[in-house]
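Here it is, the structure in full.
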Amino acid sequence: MSIRRFSDNAAKFMMIMAAAWAFILTFVILADIIGRGVFNDPLNGVREIVANSIVIIVFLQAGYAIRSRSMLSADFLVIRLPPAVQRAALAFGYLLGAAFFAFIIWGGWQLAIDSWVGNEFEGEGALRVPSWPTRFVILIGSALAIINYLVVAYLDVLRPGADDGDPDETDPHFRSAPRA
């Protein structure tokens with residue numbers, strides 16, 4: 001299996017996991033609202049669950065957003081430049097994105113291990129939410145983001161198969177970068 005196919009499948013799987021968790025989270029929030037409003041008895045720990053879940057959902061979706069080129073980009077100036085300069089700007093942007101997520105991994109791996117070993121929790125009282133799953137999802141999501149930045153850099157900068165048409169036509173979920 002190629003790295004491109006692996007990253008595509010992993011990104012799709014993690015996006016599905018994020019969507020499923022967001023769907024489940026809506027019912028947890030709804031139960032808390034009904035419990036609070038109707039029975040004057042809210043669910044314990046919903047704030048901690050939601051706070052950790054938002055971070056988890058964002059990092060589960062990051063790889064897919066990068067690979068599907070859904071990340072925010074302001075290319076109004078770059079598209080007016082010659083194709084060689086456009087490819088250089090794309091390469092620079094992709095490498096900056098990969099470096100950003102590499103710094104997240106570099107700064108977070110020891111915190112994740114310490115959180116797991118130290119059995120770190122958030123919240124007090126009836127429900128305490130473990131912190132280590134969130135920290136490890138940040139690392140995993142960042143690693144996939146780096147892989148996907150490198151994949152799109154390869155596809156957009158080196159442009160394999162550019163003479164034969166769009167190199168990403170094999171998968172309609174992942175489109176190529178716009179070309180001038």
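Volume per residue, Å³, of the convex hull around the alpha-carbon atoms of region 61-105?
For region 61-105, the hull spanned by Cα atoms encloses 75 Å³ per residue.
Something else: Please compute the Kirkwood hydrodynamic radius over region 1-43, one decimal place, Å, based on all pairs of different Cα atoms.
Result for region 1-43, one decimal place: 12.4 Å.
Report the gain in length on full extension from residue 50 to residue 38: 0.36 nm times residue separation, minus Cα-Cα distance, nm rounded to one decimal.
Answer, rounded to one decimal: 2.2 nm.
What part of the accessible area of region 36-148, given as a whole %, is carbon or sulfur when the probe is 1.4 angstrom?
That fraction is 69 percent.
Determine Rg/Rh for region 43-123; Rg is computed over alpha-carbon atoms and Rh is the Kirkwood hydrodynamic estimate from the same atoms.
That ratio is 1.15, to two decimals.
Tell me which chymotrypsin sites (Phe, Trp or Tyr not before Pro) from region 1-74 have a DSSP coil assignment and no more than 16 other beta carbons within 10 Å of their own.
39
Spelling out what I want: for every residue of region 143-152, take phi, set θ = phi - 60°, compute 6.51 cos²θ - 1.76 cosθ + 1.60 (Karplus), and round to whole Hz; glycine and proline get x.
For region 143-152, the Karplus curve yields 5, 5, 4, 4, 4, 6, 4, 5, 5, 5 Hz.
Still on this structure, please answer the following. Percent relative contact order of the chain, based on C-alpha pairs within less than 8 angstrom and at least six residues apart?
For the chain, the relative contact order is 29 percent.
Quick one, can you get me the convex hull of the C-alpha atoms of region 1-105 expressed as volume per residue in Å³?
Expressed per residue, the convex hull around the Cα atoms of region 1-105 is 135 Å³.
Using θ = phi - 60° and the Karplus curve 6.51 cos²θ - 1.76 cosθ + 1.60, what whole-Hz ³J(HN,Hα) does each residue of region 54-68 get, with Gly and Pro shown as x?
Along region 54-68, the couplings run 4, 4, 4, 4, 4, 6, 5, 8, 4, x, 5, 4, 5, 5, 8 Hz.
Which whole-Hz ³J(HN,Hα) couplings does region 6-14 yield from phi under the Karplus relation 6.51 cos²θ - 1.76 cosθ + 1.60, θ = phi - 60°, glycine and proline marked x?
Those phi angles translate into 4, 5, 5, 5, 5, 5, 5, 4, 5 Hz.
Continuing with this model, one more query. Residue 91 to residue 13: FRET efficiency via 1/(1 + (r/R0)^6), r the Cβ-Cβ distance, R0 30 Å, to the nearest 0.05?
E between residue 91 and residue 13, to the nearest 0.05, is 0.60.
Name the long-range amide H neighbours of residue 121: under 5 Å, sequence gap of 5 or more, or other chain; modelled H, no Pro or chain starts.
For residue 121, the qualifying residues are 131.
Let me test this: with uniform point scatterers at the alpha carbons of the chain, what is the Debye-based log₁₀ I(q)/I(0) at q = 0.10, 0.17, 0.20 1/Å?
The Cα Debye sum returns log10 ratios of -0.52, -1.07, -1.30.
Note down the relative contact order for region 1-106 as a percent, whole number, built from C-alpha pairs under 8 angstrom at least six residues apart.
Relative contact order here is 28 percent.
Roughly what would the spin-label model give for residue 109 and residue 79, points 7 Å off Cα along C-beta, in nm?
Output for this residue pair reads 3.9 nm.
Can you give the helix-only mean residue ellipticity at 222 nm for the chain, where every DSSP H stretch with n ≥ 4 adds -39500 (n - 2.57) and the sum goes over all residues, rounded to the nearest 500 deg cm²/dmol?
Rounded to the nearest 500, the figure is -23000 deg cm²/dmol.
Computed over the Cα atoms of region 18-63, what is the convex hull's projected area averaged over all directions, in nm²?
For region 18-63, the mean projected area of the Cα convex hull comes to 2.9 nm².
The values are calculated or read from the model by the stated rules, or taken from the named source; none is laboratory data. Computed from a predicted structure; not experimentally measured. Note that each Cβ is placed from the backbone with ideal geometry, even for glycine, and that neighbours are counted across all protein chains shown. What goes into the accessible areas is simple: the full protein's heavy atoms, side chains included, and nothing from ligands, DNA or RNA. Shrake-Rupley method; radii C 1.70, N 1.55, O 1.52, S 1.80 Å.
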